[in-house]
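One structure below.
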Amino acid sequence: MTGVDTTPTFRWIGARVPRVEDPALLAGAGRYVGDLARPGLLHVAMVRSPVASARILRVDPAPALELPGVVAVHTAGSLGLPGLRARLALPGFVETELPLLAGDRVRHAGEAVALVVASSAYEAEDGAEAVSVDLEPLPAVTDQRLAQEPGAPRLHEDADGNRLLDIQFRDDPGIDEALAGADLLLEETFVSARVNALPLEARTCLAEWDHHDGRLVLHTSTQVPHLVRTTVADVLDLPEHQVRVVAPDVGGGFGQKCVVAPEEVLVAAVALRLRRPVRWVEDRQENLVAAFSGHEQQHTVRAAFTGDGRLIGIDADLSCDAGAYSCYPFSCGVEPLMAAGELPGPYRLERYRVRARSVATNKAPMAPYRGVSRPQITMVMERLMDKAARSLGLSRIDVRTRNLIRREDFPYRGVTGILYDEGSYLESLERCAEALGFDGWAERQQAARREGRLLGLGFACFSERTGYGTPVFAARGMAITPGFDSAEVRMDPSGGVVVRVGTAAHGQGHRTSLAQVVAEQLGVDVGAVRIIQGDTDATPYGWGTFASRTAVIAGGACKRAGAGLAAKLRRLAAHVMEAAEADIELRDGVAAVRGSPGDEVPIRELCRLAYHSSHQLPEDEEPGLYHTAEFDPPGTFSNATHGAVVEVDTGTGAVRIDRYVVVEDCGVVINPMIVDGQVRGGVAQGIACALYEELDYDEDGQCRTSTLMDYVVPTAAEVPPIEIHHLETPSAHSETGAKGMGEGGTIGAPATILNAVNDAVAHLGVEVDEIPVTPDRLRRHIKDATHDKDGP
Amino acid sequence: MKPAPFEYHRARSVAEAVDLLERGGEDAKVLAGGQSLVAMMNLRLARPTVLVDINDLPGLSYVLEEDGGLRVGALTRHCQIEHYPGLLEGFAILPEAARWVGHYPIRARGTFGGSIAHADAAAEWCMLALLLDAELVVVGPQGTRTVPADGFFQGLFMTTLAPDEVLTEVRFPRGYSQAAIQEFARRHGDFAIVAAAVRYDLEEGVIRRPRVVLGGVADRPVAVPAVVDVLDGEAPSGELFAEAGRVAATGITPPADIHGSSDYRRDLAQVLVERALSAAAGR
């Protein structure tokens, strides 16, 4: 490893540095795509299909073209551009094309069939209403089980049973006997609803032709600017240097913006044709109905345990609802492959058979959403642990303790071949149980029950593979294989530091935490370090920000590049002060000779020297101060235990969260405030999935949750205070020792809440294995169970 | 999410507003706080061709106590009732209900009269108008008329207001010290899935003149007459309130939507009526 720290304690790593992003964002000085002003800006409105499945007979732009302000109308035919085809080199994968505009067939309600360009957003929407769309409705299928039955409407010719991916991910020929002979065999199905990542800023892009440079410039609200550049250049047949993509401030993504949207390519295509600036601002209704959704999964498992609660084996059938098309470039494989590969989570498992499927239905396509299948598989494992404990009359803590991977097991090779680096699985569980007072819980629960109050306590333990590089994506067989990332660190003559990274924050505060990493290496104030991201003209080619990768991968690249530059600073200091290079330490803005107080030179003087007196440098030194580095790690596992206490109102079916505790371990914490913010936001999103959010489609494929009155997002009033405890097990797979943690909150919360709710109502004979646990559903479960009991 | 084209007028007097509405015809609409109308226009669910903005009308924002009753001007914002200085005798349920109306920005902008004229089936002010025998003062081309709240609500977003009439005031003849409202929504600030408002007088230890109004169980707020027989003349008790809840629930056939099935709404009505009666008894 490069960059051995020469200082005994960290100056910037671990410091509570206020986010440099916040003053502008909080003062309304944020610069989002919707804030950009351009003379003569045109506005795009999409014409979206009102039905879920149809043959397109005719799209007539004429009525729209007669309206004031309407400049152009485009259809698939008038643009003549290919769609986006995600490719996986895996058996059982069926390639589909995500069209930019539907040509002959509509496969989900809200799919764009035409677009209108007008002088104002108002006129564009008037135009979109006026475009005459002649559709011949076809039968739709919205349930992934029904979609696989013989005779179900078929979305894509090549996909038998509408299966876009069907893979026996791992086999275990002897597992049936192993399960059959067990003391306890559980057969269970777990369901999680389709949800929307719901970034505060919906998808938005502005494309323009740069007449000066003769190139296309696309500002877009994305997590992956370089990937968008490659895609736009591919589709429009331009060399990449003729396309610049900029992600300015981005108001959240959560995965919805880590795939390329057809609309981004469309808007670029229109600007290229018209040679005028064009903007599309997705409204909330479009976002709910037509943007990428996530998390709709049904998992059926058989799991066997010994009488003392040891997990023997799991036979799993994992099925994900892909919606109408594969997202680009990750494909519809992203959820089932993640689920199959990582189902065991933090538990030791030896016998494992798993089939993984992705099924096409007439709904908006799925994309990765924060957590990517980990919320669902954590729900599977954690419900199994609670069910086993209850069936076997054991403590929930004991069952988990007997199965968790232990310190001495690390590095642990999982049953699917994944290598787990060290974590604090048992410690996090113990600490969480202690924080929630698990020891006296049964008595507290009983006492409350005597007062007519139903309290429940639930846990979820999970591990989360983060910061994984090229090999992990390559194992999925992705034609476009993400993974590495780069950083370029450059100091200027005044001592200022500019760092260019290929990742692209969309709210995570990378300008702060990456600056801390570099400041630590260079021994300069964090305020002297500026992070440049999100502009393909200004940054090295990179993969953007998703999959909890930036702190590990960009952080690692930043550390390596910073260390390389620090080495040069030390050489210059040694030269200037005629000291040994090994004795130079960089801190607080000076290069000092260790053990020789007062023997120091300001780092900014070394910067002057490197640029303005380069003739005075040692003979073998190049002028200037810069260093570039890449990092492509194997991946590192962060871990956590979440715990919650809830109260169930049997009258209304409402669940109130009284306490929520997170004990997390993301290795070396770069900025505790940012980590805590990520945990809180993640838990809020996980609570949303557990109790509130669900994209509701009727049988005909109409999305009935098309506004925020119907798609119920919890607010500050519904999200409880979240207590966070930190454990710190540095990762050997990560340059900085940090592990990724952007998704963890979302991963742990659904299982935690579901287990707590079940704990509250288990004595009534109620078992709930489906999220969200809406008041209506829970009330029905309680009623059914109580009626059964009172019945004959 | 941009509205279809419309003509916009800002009225300076009630008479001018009525005149503009009359000329605007069937598709003219009053813009008060705009908290429902503007959203519906942006979704193009409402497409008024003429919008008459009454926010500049003088003298329509007030809460006046008069002869034991209360007069509320139509342009009074929800938050003015929420924060009305000094508790009005027998009208504690008004500020209590105001806290259930939307979120603070909605309460700061939305109006009392606008909510009643909009006639959402779960709106607090519509329910209280029925609960407390409100009279609605309406100005139209033929002058001023007063309409009882009972019968005013005709269906989903439908009232007996003519397109060229403006609601200017809501009068509550008297208050009730035993009155309460209970709601259930999945989030604070949402329209209730079901809401129950109750009132009664307590005379010599027994309940007199009881009324129970439910929101969210039909296409308009409804009083539940069957409950009157259960409660009238009885001493308040937990068993009595539970029975009233059961009777209230049997008399309704609520609609289903994605927030709750018909059965669920019936269950909620039962629970909320019981809880509202208990809350009213605790006053």
Charges at C-beta only: +1 for Lys and Arg, -1 for Asp and Glu. How large is the resulting dipole of region A:26-84 about its Cα centre, in Debye rounded to 20?
160
20 Å Cα-Cα reach of A:K387 towards lysines, excluding residues that sit fewer than 8 places from it in its own chain:
none
Set the bar at 32 Å for Cα to Cα. Now go through A:K257/A:K783; A:K568/A:K739; A:K257/A:K568 and name every pair that lies beyond it.
A:K257/A:K783; A:K257/A:K568
Can you give me the distance in nm between label points at B:D56 and B:M158, each placed 7 Å from the Cα along the Cα-to-Cβ direction?
3.5
How large is ³J(HN,Hα), in whole Hz, for each residue of region A:556-565 in order, when computed from phi with the Karplus curve 6.51 cos²θ - 1.76 cosθ + 1.60 and θ = phi - 60°, using x for Gly and Pro?
x, 5, 5, 5, 4, 5, x, 5, x, 6
Against the rule of thumb 2.2 N^0.38 Å, how large the Cα Rg of region A:457-552 comes out:
1.28
Which one, A:P365, A:Q256, A:L754, is farthest towards the positive end of the dipole of the protein assembly as shown when Lys and Arg carry +1 and Asp and Glu -1 on their Cβ?
A:Q256
Could the peptides A:369-376, A:567-574, A:779-786, B:264-271 be put in order, highest first, of the mean number of other beta-carbon atoms found within 10 Å of their residues?
A:369-376, B:264-271, A:567-574, A:779-786
Where the centre of each part is set by its Cα atoms, how far does region A:623-684 sit from region A:48-123, in angstrom?
39
Sequence order, region A:465-482: Karplus ³J(HN,Hα) from phi using 6.51 cos²θ - 1.76 cosθ + 1.60, θ = phi - 60°, Hz rounded, Gly and Pro as x, gives 6, 10, x, 9, x, 4, x, 5, 5, 5, 5, 7, x, 5, 5, 9, 10, x
Scattering from the C-alpha atoms of region A:309-447 alone, worked out with Debye: what is log10 I(q)/I(0) at q = 0.20 1/Å?
-1.19
Rg ratio (alpha-carbon, reference 2.2 N^0.38 Å) - region B:128-275:
1.12
Isotropic mean projected area of the C-alpha convex hull, region A:406-478 (nm²):
7.6
Measure out, as a whole number of angstrom, how far apart the alpha-carbon centroids of region A:267-331 and region B:86-116 sit.
42
extent check for region A:12-141: Cα max minus min per principal axis, descending, whole Å, gives 62, 52, 25
Total charge of the residues flanking A:R390 in space, meaning their Cβ is under 11 Å from its Cβ, with Lys and Arg +1 and Asp and Glu -1, is 0
Taking N as the number of residues in region A:584-661, what is its alpha-carbon radius of gyration divided by 2.2 N^0.38 Å?
2.43
How large is Rg/Rh for region A:58-130, to two decimals, with Cα atoms and a Kirkwood Rh?
1.12
Using the Cα centre of region A:639-792 as the reference point, and only Cβ charges (+1 on K/R, -1 on D/E), how large is the resulting charge dipole? Debye, rounded to the nearest 20.
340
What do you get for the angle between helix B:14-24 and the principal long axis of chain B? Use alpha-carbon atoms, 0 to 90 degrees, nearest ten.
70
Summing +1 per Lys or Arg and -1 per Asp or Glu among the other residues with Cβ less than 10 Å from A:G161's Cβ gives 0
In range of the label at B:D232: residues from region B:145-160 whose backbone nitrogen is under 19 Å from the point 7 Å along Cα→Cβ:
B:150-151
Any idea what the relative contact order of region B:1-135 is, in percent, if you count C-alpha pairs under 8 Å spaced at least 6 apart?
22
For region A:65-178, compute the orientation-averaged projected area of the C-alpha convex hull (one quarter of its surface), in nm².
10.8
Net charge dipole size for chain A [Lys, Arg +1 and Asp, Glu -1 on Cβ; Debye, nearest 20]:
280
Quick one: work out Rg over Rh on the C-alpha atoms of region A:666-792, Rh as Kirkwood radius.
1.10
The set of residues whose placed amide H lies less than 5 Å from the amide H of A:G83, leaving out same-chain residues fewer than 5 positions away, is A:L100
Kindly give the semi-axes, whole Å and largest first, of the ellipsoid equivalent to region A:544-700, taking each as the square root of 5 times a Cα gyration tensor eigenvalue.
53, 19, 12
Taking the C-alpha atoms of the protein assembly as shown, convex hull volume expressed per residue in Å³:
204
If Lys and Arg each add +1 and Asp and Glu each add -1, what is the summed charge of the other residues whose beta carbon sits under 15 Å from the beta carbon of A:A580?
-3
Scan around B:Q154 for amide H atoms under 5 Å from its own, H built in the peptide plane at 1.01 Å from N, and keep only partners 5 or more places away or cross-chain.
B:T159, B:T160
I'd like the projected area of chain B, averaged over all directions, using the convex hull of its alpha carbons. Report it in nm² with one decimal.
14.5
Relative contact order for chain A, counting Cα pairs under 8 Å that sit 6 or more residues apart, in percent:
16
Just to be sure I follow: if Rg is taken over the C-alpha atoms of region A:135-211 and Rh is the Kirkwood radius over the same atoms, what is Rg/Rh?
1.18
Under the Karplus curve 6.51 cos²θ - 1.76 cosθ + 1.60, θ = phi - 60°, whole-Hz ³J(HN,Hα) for region A:309-316, x wherever Gly or Pro sits:
x, 8, 6, 8, x, 9, 10, 10
Could you give the distance between the Cα centres of region A:473-545 and region A:563-622, to the whole Å?
25
Amide H of A:L454 versus every other amide H placed in the peptide plane: which residues, excluding those fewer than 5 positions away on the same chain, fall under 5 Å?
A:V648
So if we plug the beta-carbon distance of B:R99 and A:D632 into 1/(1 + (r/R0)^6) with R0 = 51 Å, what FRET efficiency do we get, rounded to 0.05?
0.40
Residues of type lysines that B:K2 reaches as a straight line, Cα spacing below 19 Å, ignoring anything fewer than 8 places off in the same chain
B:K29
Can you compute the equivalent ellipsoid semi-axes for region B:1-53, i.e. the square root of 5 times each eigenvalue of the Cα gyration tensor, sorted largest first and rounded to whole Å?
20, 11, 8
Relative contact order of region A:394-527, defined on C-alpha pairs under 8 angstrom at six or more residues apart (%):
10
Let me check I have the definition right: for region B:57-204, take the eigenvalues of the Cα gyration tensor, multiply each by 5, take square roots. What are those semi-axes in whole Å, largest first?
22, 19, 16
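Laboratory data are not the source of any read-out in this text; all were calculated from the coordinates shown. Not measured: the values here are computed from a predicted model. Neighbour counts run over all protein chains shown; Cβ positions are idealised from the backbone, glycine included.
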